[in-house]
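Okay, so here's the structure we're looking at.
What follows is calculated from the coordinates using simple rules that are stated; it is not laboratory data. Remember, predicted model here, so these are calculated numbers, not experimental data. Glycine gets a Cβ as well: all are built from the backbone with ideal geometry, and neighbour counts include every protein chain shown.
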């Protein structure tokens, strides 16, 4: 069984030799098949988790939780009670249209994420026991030596070992529209963002030019894109400044309307 070294630095700050040593693999032969099977059982499949999914019905009703929307619904009901059917219908139409637009935007964003998951599910060219072959991307493990070529999708987070005229399309992670040139011999001694880690390539991006070999150092939810997905699931959605101000106005209007209603009720 290969021995994994403990080197507490990010991989872009390690040399190729240090990276290979840390991952307990071989830069020419790759992992032994038995060791790869052991690591697959240890680390799990190279997949992004689905996370908690709520039904479409519940997500639609979520659109009615905003305080201003509740105020509009109450106002519409009062309009109907006071025989102002035209005003009540207009208010309810605003509420329903707002809910449909909000629901559609959330649904569309979810479909885009699902499309991304399908794109990054592919086959990977791996070198194990010195033999190059294709395996399902889900079976990649940390320490696997993989081969990358123009047009292929990066199947995991990888520290480059050798690279020839190699560049990647990193738009999905960094927003860069131009291909990013990558080199295996680079080593950095300071903290860098994903955009500047030019000796690494990441799950979900594609190869623009050239070919390379590299060792997998992160799979599944441990990858850069997996961490982004996990963070987005755990963070509550904050209200925008406009939404906060609208809620303040709604509260104020509700109080005023309540006072007026009490006065009118008392007079009647």
Checklist entry - How big is D, in µm² s⁻¹, for segment 30-100 by Stokes-Einstein at 25 °C and 0.890 mPa s if Rh is the Kirkwood radius over C-alpha pairs? => result 151
Next on the checklist: Test of understanding: ordering 49, 152 by Cβ neighbours within 10 Å, fewest first, what list do you get?
Outcome noted: 49, 152
